[in-house]
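Structure first, commentary second.
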Amino acid sequence: MCGIVGAVSQRNIVPILIEGLKRLEYRGYDSCGVAVHQDGGLRRARSTSRVAELQAQAEQDGIQAGTGIAHTRWATHGAPAVHNAHPHFSAGPGADVAATGRIALVHNGIIENHDELRAELKARGYVFVSQTDTEVIAHLIDQHYSGDLLDAVQQALPRLKGAYAVAVFCRDEPHRVVAAREGSPLVLGVGQEENFVASDAMALAGVTDQIVYLEEGDVVDLQLGRYWISQLDTRTGRYGTVQREVKTVHAHSGAAELGPYRHYMQKEIFEQPVAIANTLDAVTGISPELFGDGAWRIFKEVDSVLILACGTSYYSGSTAKYWLESIAKIPTSVEIASEYRYRDSVPNPRTLVVTISQSGETADTIAALKHARAQGMNHTLTICNVATSAMVRECALAYITRAGAEIGVASTKAFTTQLVGLFLLTLALAQTRGHLSEADEARHLKDLRHLPVAVQAVLALEPQVIAWSEEFARKENALFLGRGLHYPIALEGALKLKEISYIHAEAYPAGELKHGPLALVTAEMPVVTVAPNDALLEKLKSNMQEVRARGGQLYVFADGDTAIESETGLHVIRMPEHYGVLSPILHVVPLQLLAYHTACARGTDVDKPRNLAKSVTVE
Ligand code: M6R
């Protein structure tokens, strides 16, 4: 989603800003721009193409300076168009901001009261040239400007309702950038006689490793060789200095090599054995302390689990519900974060609130967590892939998955490593509650440690999956079926397919077919079936017969010992082995491959599917 980079230096910072944007590209965007303080005024370049095109445009226009800001925009208010791309300028009431400008601003997030502010600013004579909510912030700061940019920003911010991270500079103060955050992530990068700001430390990799994670409400004033962070004291209505720790962060550049792979998604699917092994690396035995100091006391106290997450992370939580209830015997509910935060629920202070997130920055999940806490549920834990993320900082306990940077928008290795983290959580809760014998612990650990090898064997099925994908590429609809533990896996398979191949796909628990979706089944409808050799297999076979009797085409991923054989209308790929309760971690892999190769066959932009962003930092 949107990305910000800003800098104040004595050297030309345009290459740093552009490189920073390139590192944020994987998050998804549909326009980009850069603005600098040059020749006593504001200059900018904006593009609805890729950052590389913006770079060429900036070079051609001779844009270079020591102070500037840059942005990748994922459209929310106003179409992806150059006039809506950031940075936005303001130049006082009635001024032609296209020709000149005093304030330059970039923004991540959404300003909810932008209509009201726009009307007010228009009445004061400000001319709007975009449909964005962002432009109101530029004009509002301009309205408050009387020679001190920090003062103008501090006066403007309390008028904003919603979420934001902003970076601003002013024509009249050449060596200064002011930035602020409320609800959207922002970091400060501290350099030698130069300072930087970015929405992610990754954008500053190679520039500085001295990072300050700004907190909600922080306003930072960046100048050459100094910075100052302030917060509004709501009692006095004044801003006061706050100290924030400077951390040494060896951020990954995000520019991972593709190696022999065509796309990051394919690479990430094949990295799963290593990602799982890394996630298990520090696990020598099961103990609540795997989740942080004080976990034992919290696990002892809780009597239920509430999982909050979105998208793929929601499906890993939905899988974990089966584990938590059957193995740890603890009542578990799983909620879509964006829904939970807005509905009346019955809070139980003895609930363990578990958020799941690859990025750790998903706005809906963070808001749901805060909503749960506001209702008195203070036992919080996150399963997250980014140790420095807001989610980890917000939660009392954490398990950091070690999937490594996931660049493809479609989540793959983050999902399987989340499942590993959630299974460890299940075992730790089971142990605390007296439901895990030493023999069970040893058996589960052995199975976990064998997982990388088991996943590797599933990856060897790729050629068979490619053969199926050529047929899927000609379809416009698909159904996915699973039962029990594997129903969330069917959901995840359908999400993967629709996300990157744009084929309409829906998933059902197989027993639900006859209650409606069977009406969709024709010879044109591929029905993908997840068929592990578990207690529900015979029930599933009956559901498959219901499809066959109506001429449907079944594509079945069946465990080796299920005795389901290929015949007319029934296509089978045999999974190497049945893996008991951990089977979902294996069965999702061929579904990822099916989505990937179908998308390749249809020629879509696999790593950056249309309309989607990697890190969803707006509501
Ligand atoms: O970073 P998060 O895990 O919180 O992201 C949640 C969803 O936005 C994410 O899983 C999304 O559904 C993926 N694109 C799915 O592949």
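The values are calculated or read from the model by the stated rules, or taken from the named source; none is laboratory data. Computed from a predicted model, the values in this text were never measured in an experiment. Counting neighbours? That spans all protein chains shown, and the Cβs are built from the backbone with ideal geometry, glycine included. Protein only, heavy atoms only, side chains kept; ligands, DNA and RNA dropped before computing areas. Shrake-Rupley method; radii C 1.70, N 1.55, O 1.52, S 1.80 Å.
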Open item on the list: Being crowded, with 23+ Cβ neighbours inside 10 Å and within 30 Å of I366 (Cα to Cα): is that true of A405 here?
Closed with: no
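Only one residue in V246, V219, V207, V197 is free of Cβ contacts under 8 Å to residues at least 60 places away in the same chain and touching a strand residue (DSSP E or B) at 6+ places or on another chain (Cβ under 8 Å), so which one is that? Spell out how you get there, then give the answer.
Working: V219 fails: free of Cβ contacts under 8 Å to residues at least 60 places away in the same chain; V207 fails: free of Cβ contacts under 8 Å to residues at least 60 places away in the same chain; V197 fails: free of Cβ contacts under 8 Å to residues at least 60 places away in the same chain.
Only one candidate passes the filter, namely V246.
Taking strands (runs of 3 or more DSSP E) that do not extend beyond region 159-243, which have at least 2 residues that are buried (at least 16 other Cβ atoms within 10 Å of the Cβ)? Don't jump to the end; show me each part of the working.
On the way: elements: 162-170, 173-182, 187-190, 195-198, 210-213, 219-223, 226-233, 238-241.
Those strands (runs of 3 or more DSSP E) span 162-170, 173-182, 187-190, 195-198, 210-213, 219-223, 226-233.
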TODO: Out of the residues in region 137-149 that are in a helix (DSSP H, G or I) and more than 27 Å from the chain's Cα centre (by Cα), state the one that is nearest to A35 (Cα to Cα).
DONE: A138
Open item on the list: What's the number of the only condition in (1) surrounded by fewer than 24 Cβ atoms within 10 Å (Cβ to Cβ); (2) away from the ligand (no atom under 12 Å from the Cβ) that E361 fails to meet?
Closed with: (2)
Open item on the list: Would you confirm, using the coordinates I've provided, whether Q545 is crowded, with 18+ Cβ neighbours inside 10 Å and out of contact with any helix residue (DSSP H, G or I) (no Cβ under 8 Å at 6 or more places or on another chain)?
Closed with: no
Open item on the list: Looking at the structure I just gave you, is A430 surrounded by fewer than 19 Cβ atoms within 10 Å (Cβ to Cβ), in a helix (DSSP H, G or I) and more than 16 Å from the ligand (Cβ to nearest atom)?
Closed with: no
- [ ] For H450, indicate whether it is assigned to a helix (DSSP H, G or I), closer than 24 Å to P576 by Cβ, away from the ligand (no atom under 16 Å from the Cβ) and within 24 Å of the chain's Cα centre (by Cα).
- [x] no
TODO: Within region 385-399, identify whether any single residue is open to solvent by less than 30 Å² (accessible area, probe 1.4 Å), within 13 Å of the ligand (Cβ to nearest atom), among the small types (G, A, S) and at pLDDT 95 or above, and answer yes or no.
DONE: no
Task: Number of the condition not met by A613 [criteria: (1) away from the ligand (no atom under 16 Å from the Cβ); (2) among the small types (G, A, S); (3) over 15 Å from V528 (Cβ atoms)] - done: (1)
Open item on the list: I want to confirm something. Restricting to region 479-502 and keeping residues that are within 16 Å of the ligand (Cβ to nearest atom) and among the basic types (K, R), which single residue is surrounded by the most Cβ atoms within 10 Å (Cβ to Cβ)?
Closed with: K496
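Do you know which of the residues in region 536-588 that are among the aromatic types (F, W, Y) and either part of a helix (DSSP H, G or I) or touching a strand residue (DSSP E or B) at 6+ places or on another chain (Cβ under 7 Å) (or both) is farthest from L520 (Cα to Cα)? Can you show your working first?
Applying the first criterion (among the aromatic types (F, W, Y)) to region 536-588 yields 555, 557, 579.
When the remaining residues are screened for being either part of a helix (DSSP H, G or I) or touching a strand residue (DSSP E or B) at 6+ places or on another chain (Cβ under 7 Å) (or both), the result is 555, 557.
Values: Y555: 16, F557: 21 Å.
In this case the residue turns out to be F557.
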Task: Residue identified as within 16 Å of the ligand (Cβ to nearest atom) and farther than 18 Å from P576 by Cβ among F423, F415, F472 - done: F415
Task: Per-region count, region 308-324, residues open to solvent by 10 Å² or more (accessible area, probe 1.4 Å) and more than 6 Å from the ligand (Cβ to nearest atom) - done: 5
TODO: Test Q456 against the stated conditions and say whether it is more than 16 Å from the ligand (Cβ to nearest atom) and part of a helix (DSSP H, G or I).
DONE: yes
Task: region 262-290, subset acidic (D, E) and within 17 Å of G408 (Cα to Cα), residue least open to solvent (accessible area, probe 1.4 Å) - done: E268
Open item on the list: Please go through (1) outside any helix (DSSP H, G or I); (2) modelled with pLDDT of 90 or more; (3) open to solvent by less than 40 Å² (accessible area, probe 1.4 Å) for E506 and return the number of the only condition it doesn't satisfy.
Closed with: (3)
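Just one of S313, S287 is more than 26 Å from S359 (Cβ to Cβ), hydroxyl-bearing (S, T, Y) and in contact (Cβ under 8 Å) with a residue 60 or more places away in the chain; which is it? Walk me through how you get there before you give the answer.
Details: S313 fails: more than 26 Å from S359 (Cβ to Cβ).
Within the list S313, S287, the selection yields S287.
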